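The values are calculated or read from the model by the stated rules, or taken from the named source; none is laboratory data. Note that the coordinates shown come from a computational prediction; the quantities given were computed from them, not determined experimentally. When we count neighbours, we look across all protein chains shown, and the Cβ atoms used for this are built from the backbone with ideal geometry, even at glycine. Protein only, heavy atoms only, side chains kept; ligands, DNA and RNA dropped before computing areas. Shrake-Rupley method; radii C 1.70, N 1.55, O 1.52, S 1.80 Å.
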Amino acid sequence: MGIATGVAGGVVWAALSPESQLFGRTLVALRHPTEIALTFDDGPNPKVTPQLLEVLSRANVKATFFLIGGFVKQCPGLVREIAAAGHLVGNHTMTHPWLAWQSKSRIREELSGASAAIEDVLGTPVQFFRAPHGARRPAVLRIVHELGMIPVQWNVICNDWSPIGVDGIMRRATQGVEQNRIRGFGTNLVLHDGGHTGLGADRMDTVRVTERLLERYAEMKFVRVDAWVDGAA
Ligand SMILES: [Zn+2]
């Protein structure tokens, strides 16, 4: 698996700080402007995830879900449903802390705990990780790699956790997609089907936005983030 494919292979890696290059790279997107990876953080969430799965299934689109380990333990059946529908499941830590402020042992605990929780339910190793709040530092990236995972960032975020409504979220999402297309990049869009402070957060606007994005970009190719590593061509 060509993790370090680099720009020559068409993979775009984040380099937001010198540290991110020195201590490990982060997957963002391919230089395929017609591709979109829908990624959903902070689930599973029994109030929202089932409706989201329904919307994705109607469009026959596979997405990526970065799950919080604590919620995985509370909703194992829902995690199995996500995976059974063909979506990719990734690690979003056990309790969603700001990793920038944590000790190395706490970081390791957060990451390995969430992987263990997911693997207990699905029986397959977890290969992708997204840091809560996007907070990365060398120690985090090093531990991600040690645990055999690839860190994943995003290139479009649309504040779907804020009360800005479907139109507000859509405006940010479409601006981001268009900007990426103009720059020649695929879109790695982060949305939220849960809230990290507890199960049951209302993210129905995110479900409606997803439905609208699937219609609006029906001519584009929706991919899971692993398509940009294993299937890079
Ligand atoms: Zn999160």
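Laid out as a table, the results:
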item: Residue list for the stretch 151-169, filter: more than 18 Å from His96 (Cα to Cα), in contact with a helix residue (DSSP H, G or I) (Cβ under 8 Å, 6 or more places away or on another chain) and not in a loop (DSSP other than H, G, I, E, B); result: Val156, Gly165, Val166, Ile169
item: Boolean, Val156 is away from the ligand (no atom under 16 Å from the Cβ) and surrounded by 16 or more Cβ atoms within 10 Å (Cβ to Cβ); result: no
item: Residue check for Leu52: away from the ligand (no atom under 16 Å from the Cβ), in a helix (DSSP H, G or I) and either under 15 Å from Leu122 (Cα atoms) or modelled with pLDDT of 95 or more (or both); result: no
item: Meets criteria (open to solvent by 10 Å² or more (accessible area, probe 1.4 Å) and in a helix (DSSP H, G or I)) for Glu215; result: yes
item: Within the stretch 100-130, considering residues that are closer than 22 Å to Val190 by Cα and either modelled with pLDDT under 95 or not hydrophobic (A, V, I, L, M, F, W, C) (or both), the one surrounded by the most Cβ atoms within 10 Å (Cβ to Cβ); result: Arg130
item: Residues located in the stretch 170-188, provided they are under 17 Å from the mean Cα position of the chain (by Cα) and within 14 Å of Glu211 (Cα to Cα); result: Ala173
item: Any hit, the stretch 188-196, residues being crowded, with 19+ Cβ neighbours inside 10 Å and farther than 19 Å from Leu56 by Cα; result: yes
item: Count of residues meeting criterion [of a type outside the set (S, T, N, Q) and crowded, with 19+ Cβ neighbours inside 10 Å] in the stretch 131-153; result: 11
